[in-house]
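What follows is calculated from the coordinates using simple rules that are stated; it is not laboratory data. Computed from a predicted model, the values in this text were never measured in an experiment. Quick reminder, even Gly has a Cβ in these numbers, built from the backbone with ideal geometry, and neighbours come from all protein chains shown.
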Amino acid sequence: MEESHGTRKVIASYVSPRAFAPRTRAALVGLGYRVVVAATQGRFDDDSWKPDLRIVSDRHVDRLPIENYLPRTPVIVLSGGRRREWHDRRIVGEVSRPAELADLYPLIQEALEDTPRRAARAPTQLPARCTHADQRWMGAIIGLSSAGCLFRTNADLAPHTDLSLLFPLPRGRMISTRARVMNRRRDLVGMAFRDAPAQSRVAIADFVSERLATARA
């Protein structure tokens, strides 16, 4: 979860559910955000409430409430693929429909979080093996994102070490990729994936979205 306590940050959705890829909205809820369909708060241009962020179609940007106060609510635009030049300074980014979690997440993080992350991370418990030269270590991946993982092991893995990492995903998918040790704290090792095959990146992103969607509150 992005927030372990306190008030959830509110994302107002001004788009059809079909504008999101499957599980994307549920995954955002699983990450700790509250996704509110704007129509439930009143008219499209209702300025009587202030969400933390708005998601709107490129066809309806001009219908957003005019804000004469600071800070202005950041906006993410969902488009049909043809990018436009936006002059509204509230717009922090544009994502093609149907919006994938991997594309939305970094924009939301940059707009709302003090310490933004590049990729959404899901809690896991996956057996994993890493190898370096003629050495081999076993452990478990307890946190996984499309950018890297948190690896629990008793092995003494030094930062900046490049190694090969192998671990299974559900339904028989096996991931094999290069990874670099970024940091270590006791038995937890943070790793960043390096040159992961495109097929592996897609499989990991799908797995993370599914896990977060099923963890929704």
Counting other beta carbons within 10 Å of each residue's own, what order do Ser164, Ser79, Ser209 fall into, fewest first? Ser164, Ser79, Ser209
Quick one: if you stick a label point 7 Å off each Cα along the C-beta vector at Met174 and Thr115, how many nm between them? 3.7 nm
Highest GNM mean-square fluctuation among Ser16, Ser145, Ser57, for the chain with Cα springs under 10 Å, belongs to Ser16
Just need the Rg to Rh number for the stretch 122-214, please, alpha carbons only, Kirkwood Rh. 0.94
Compute the acute angle (0 to 90°) between the alpha-carbon long axis of helix 101-112 and the principal axis of greatest extent of the alpha-carbon atoms of the chain; round to the nearest 10°. 70 degrees
With the chain treated as a Gaussian network of Cα nodes joined by springs under 10 Å, which of Arg54, Arg89, Arg129 yields the largest mean-square fluctuation? Arg89
Within 10 Å, at most 16 other Cβ atoms, and a DSSP state outside H, G, I, E, B define an exposed site. Report the longest part of the chain free of exposed GluC sites (Glu not before Pro). 114-217
Where a ≥ b ≥ c are root eigenvalues of the Cα gyration tensor, a/c under 1.5 meaning rounded, otherwise prolate if a/b exceeds b/c and oblate otherwise, the stretch 10-112 counts as rounded
For the chain, built as a Gaussian network whose Cα springs stay under 10 Å, the top-fluctuating residue of Leu157, Leu169, Leu126: Leu169
For the stretch 164-200, listing trypsin sites (Lys or Arg not before Pro) in a DSSP loop whose Cβ sees at most 12 other Cβ atoms within 10 Å gives Arg171, Arg186
Read-out Cα Rg over 2.2 N^0.38 Å, candidates (1) 1.30; (2) 1.15; (3) 1.20; calculated match is (2)
If you take every DSSP beta bridge whose two residues both sit in the chain, what share of them, in percent to the nearest 5, is antiparallel? 70 percent
Using r as the Cβ-Cβ distance of Ala155 and Val92, and R0 as 41 Å, what FRET efficiency do you calculate, to the nearest 0.05? 0.50
Expressed in nanometres to one decimal, the distance between label points 7 Å along Cα→Cβ at Arg129 and Asp62 is 6.1 nm
